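Take a look at the structure below.
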């Protein structure tokens, strides 16, 4: 759509308005002129009937009605000069007095109207037929009828027919001249109206636009105004007051923005500190199990070293002891490295991660922990695809938090000696389920047979510092941190629980874009 400036729009709308106004005026003029022409023709018709009446006489011998001979000869010419097509004169007995051989386009209709006029002793007019007028179809014929009196008594009647086509021709010729004046007036009046409106409205607006483009903060009066107390002057004053208030509040606004930025930085730092604190709490719980797990291979290594001190051991047995000691050392190194990998600070950079590998790593770490003793840990990784875009360290922390929570729930329940924890993965693709943005996601469920969560408390479990554990056994930040980390990854977490029977924590992670599209 082409852009139109305000002056162009005003010119177009003004021209349309003037054109409609002049067309309406022209229409009224045509209708009025046509009515006046017809009324004039009616008046001429009645004058002609009156003239006919003066020349109507009775014959001395038979009392028949006739026109004076000299007038009868001249009547045809009089009709032509007056613009009438024909005339019919008949007496009360419907005998035609004039003309001798009627040749009229509406003979029957004229005779009927004339008879009605004689019987009612009233003048009558009637419009009939159709013809093209000036703008639309109009009546073609005008019929004027009046009674003829002799000695005060109605003795006959006259009907005169006028064809209105000549009137329409005159009006159409006039319209051609009016159209020329119409175009000239439309052009001139549009220019004059545009000039006047431009001075009143467009120029002040253009001036305000230029001032806005030249804005400088040091200007005391940004929008200049004149001495007239009109709407533009009031608008200029109001804008000046507004800009003055904006300028005064600018420093406060900048200070507020700076404060919000600092608060945002502090908030992010606090969130990172909470995540770090929860990770350290998890590392602390793992450390005792790691120490116990490291103690066994170290004892084995010491035993092999004692055997190697003996001098009478064959070389092949020495080599076997060395290999076994090396395997135990590698085992200790693997255990320590797992703990270090988990406790290492997260860089926060997402990468494509195999979620199944992370689950296996975490399961290997917790398998020999004291808190997982007596728990039957099963892993069912059924998802066909497990690649997600995430920070692997954050993913490890989420999974470890959920496993520790499940283990604590089992240890505080009646099932602590026969605890079960199932970690299951699957692909969720139905939009009406838990899919994210109508795209397939990886669902990882942690289902335990622990004490469960009461229905009244399940809505609070993701709140910070909310915990149902004994003092000293939990910070109340595990699920809160997991919820925050998942939200940052574009995922989510959902809890389902039956009090006294167990809990299922479901993690939903969006699959990697390339994987989802493939």
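Points to keep in mind about this one:
- Tally, over the stretch 68-82, of residues that are assigned to a loop (DSSP other than H, G, I, E, B) and modelled with pLDDT of 85 or more: 0
- Selection over the stretch 42-65 of residues that are surrounded by fewer than 17 Cβ atoms within 10 Å (Cβ to Cβ), touching a strand residue (DSSP E or B) at 6+ places or on another chain (Cβ under 9 Å) and not in a helix (DSSP H, G or I) gives a count of 5.
- Odd one out for residue 399, checked against (1) modelled with pLDDT of 85 or more; (2) touching a strand residue (DSSP E or B) at 6+ places or on another chain (Cβ under 6 Å): (2)
- Under the condition of being under 24 Å from residue 419 (Cβ atoms), surrounded by fewer than 18 Cβ atoms within 10 Å (Cβ to Cβ) and touching a residue at least 60 places away in the same chain (Cβ under 8 Å), the residues counted in the stretch 366-397 number 2.
- Filter pass, residue 39 being more than 19 Å from residue 147 (Cβ to Cβ) and crowded, with 16+ Cβ neighbours inside 10 Å: no
- Selection of the stretch 124-139 for residues being farther than 15 Å from residue 107 by Cα, in contact with a strand residue (DSSP E or B) (Cβ under 9 Å, 6 or more places away or on another chain) and not in a strand (DSSP E or B) yields 130, 139.
- Taking the stretch 84-94 as the range and being out of contact with any strand residue (DSSP E or B) (no Cβ under 6 Å at 6 or more places or on another chain) and either surrounded by 11 or more Cβ atoms within 10 Å (Cβ to Cβ) or in contact (Cβ under 8 Å) with a residue 40 or more places away in the chain (or both) as the test, the residues that pass are 92, 94.
- Flag if residue 34 is in contact with a strand residue (DSSP E or B) (Cβ under 9 Å, 6 or more places away or on another chain) and touching a residue at least 24 places away in the same chain (Cβ under 8 Å): yes
- Tally of residues being assigned to a strand (DSSP E or B), out of contact with any helix residue (DSSP H, G or I) (no Cβ under 8 Å at 6 or more places or on another chain) and farther than 19 Å from residue 429 by Cβ across the stretch 481-501: 2
The values are calculated or read from the model by the stated rules, or taken from the named source; none is laboratory data. Predicted, not measured: the structure shown is a model, and the values here were computed from it. Cβ atoms come from the backbone with ideal geometry, glycine included; neighbour counts cover every protein chain shown.
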